[in-house]
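Asker: Structure provided below as structure tokens; questions to follow.
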Amino acid sequence: MNQWSAQVNKDNPTYPFIVIDNYYNPEEEKAIWKELDFFTANSLIVMDRAEDTIVARDEDGNSKSKAYRVYVDDYYIHRKVSPILKFTNKLLTKEFSSLMRQCEPYSRSFFSSNFDSTLVSYYEEDDHYKPHHDTFLWTCLIWFYKEPKLFDGGDFFLNDIDYEIKLKHNRMVMFPSCFLHSVTPIKFHTNPNEPGYGRWTITTFYSSGPSEIPNENK
């Protein structure tokens with residue numbers, strides 16, 4: 001974990017959140033890319049458009065999200081087969097626990113969670129996510145994009161406090177799911193010659209369910 005560059009933002013104590021750069025080590029990152037490339041190559045089969053799924057919607061019933069998405073757990077019997085599921089959840093280490101405890105009282109709900117699910121989102125031209133909240137306890141986002149970076153935008157906002165967090169490859173942001181958050185539209189300044197050069201997000205939701213629900217990562 002010593003490659004982590006971590007910060008707990010408590011400038012506004014009502015809205016604490018955690019940012020960790022270099023979340024995956026190089027070997028993990030390489031394995032993650034292989035799985036993301038698989039989703040890219042099979043996007044029409046594996047990935048859905050958010051607009052066609054049950055996601056956050058406005059008062060008129062329109063989807064607040066415009067992006068591709070896939071729930072990773074749906075494709076594996078054993079979670080450790082997936083690099084995304086295997087390497088993303090590294091959050092019960094002593095290093096991370098010490099960061100999380102700085103987010104009290106919200107951190108209590110994370111430590112009492114016993115279930116998680118992982119979603120991969122992919123943003124192409126004009127894709128975005130309008131302000132919304134998640135119906136879980138904590139939300140963990142990890143951002144990926146290929147170099148050279150061919151687009152602008154895709155930055156992240158915590159809307160309750162009008163706080164911007166710049167998109168950065170291999171950056172993790174974690175916050176209580178009740179916080180309003182959004183993603184600005186993607187705009188390519190150079191047309192990619194192949195798919196997969198947009199904005200990737202690996203999202204893990206932490207929640208609490210009946211005690212018999214097993215969490216293989218905890």
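Asker: Mind checking which residues of the stretch 31-69 are of a type in the set (V, I, T) and closer than 20 Å to H181 by Cα?
Answerer: T53, I54, V55
This table checks each residue for (1) touching a residue at least 60 places away in the same chain (Cβ under 8 Å); (2) under 18 Å from the mean Cα position of the chain (by Cα).
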{"site": "V8", "(1), (2)": "yes, yes"}
{"site": "P13", "(1), (2)": "no, no"}
{"site": "P16", "(1), (2)": "yes, yes"}
{"site": "I20", "(1), (2)": "yes, yes"}
{"site": "K34", "(1), (2)": "no, yes"}
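Asker: Starting from the stretch 134-155, take each residue that is within 17 Å of E35 (Cβ to Cβ) and open to solvent by 20 Å² or more (accessible area, probe 1.4 Å) and list its partners that are basic (K, R) and assigned to a strand (DSSP E or B), counting only C-beta distances under 8 angstrom and pairs at least six apart or across chains.
Answerer: Pairs found: Y145/R199.
Asker: Within the stretch 1-14, can you find the residues that are outside any loop (DSSP other than H, G, I, E, B) and crowded, with 16+ Cβ neighbours inside 10 Å?
Answerer: If the condition is that a residue be outside any loop (DSSP other than H, G, I, E, B) and crowded, with 16+ Cβ neighbours inside 10 Å, then A6, V8, N9 are the ones that fit.
Asker: Ok, one more. Quick one: what pairs do we get from the stretch 96-108, first residue without any contact (Cβ under 8 Å) to a residue 40 or more places away in the chain, second hydrophobic (A, V, I, L, M, F, W, C) and surrounded by 12 or more Cβ atoms within 10 Å (Cβ to Cβ), C-beta under 7 Å, 6+ apart or different chains?
Answerer: If the second residue must be hydrophobic (A, V, I, L, M, F, W, C) and surrounded by 12 or more Cβ atoms within 10 Å (Cβ to Cβ), the pairs left are S107/M100.
Asker: Here's another thing I want to ask about it. Considering (1) in contact with a Lys or Arg (Cβ under 9 Å, 6 or more places away or on another chain); (2) part of a loop (DSSP other than H, G, I, E, B); (3) exposed (fewer than 13 other Cβ atoms within 10 Å of the Cβ), say which one D60 fails and leave the rest.
Answerer: (1)
Asker: Of the residues in the stretch 182-200, how many are touching a residue at least 12 places away in the same chain (Cβ under 8 Å) and open to solvent by 20 Å² or more (accessible area, probe 1.4 Å)?
Answerer: Result for the stretch 182-200: 10.
Asker: Another one. Would you pick out the residues in the stretch 15-57 that are under 30 Å from N159 (Cα atoms), open to solvent by 70 Å² or more (accessible area, probe 1.4 Å) and among the β-branched types (V, I, T)?
Answerer: Within the stretch 15-57, I54 is the sole residue that qualifies.
Asker: From the residues in the stretch 73-126 that are of a type in the set (A, V, I, L, M) and open to solvent by 50 Å² or more (accessible area, probe 1.4 Å), which one is modelled with the lowest pLDDT?
Answerer: Among those that are of a type in the set (A, V, I, L, M) and open to solvent by 50 Å² or more (accessible area, probe 1.4 Å), it is L92.
Asker: What tally of residues in the stretch 164-181 results from selecting those that are in contact (Cβ under 8 Å) with a residue 60 or more places away in the chain and crowded, with 18+ Cβ neighbours inside 10 Å?
Answerer: 9
The values are calculated or read from the model by the stated rules, or taken from the named source; none is laboratory data. Note that the structure is predicted; figures quoted are calculated from it, not measured. Positions of Cβ are backbone-derived with ideal geometry, glycine not excepted, and every protein chain shown enters the neighbour counts. Surface accessibility is based on the protein's heavy atoms, side chains included, excluding ligands, DNA and RNA. Shrake-Rupley method; radii C 1.70, N 1.55, O 1.52, S 1.80 Å.
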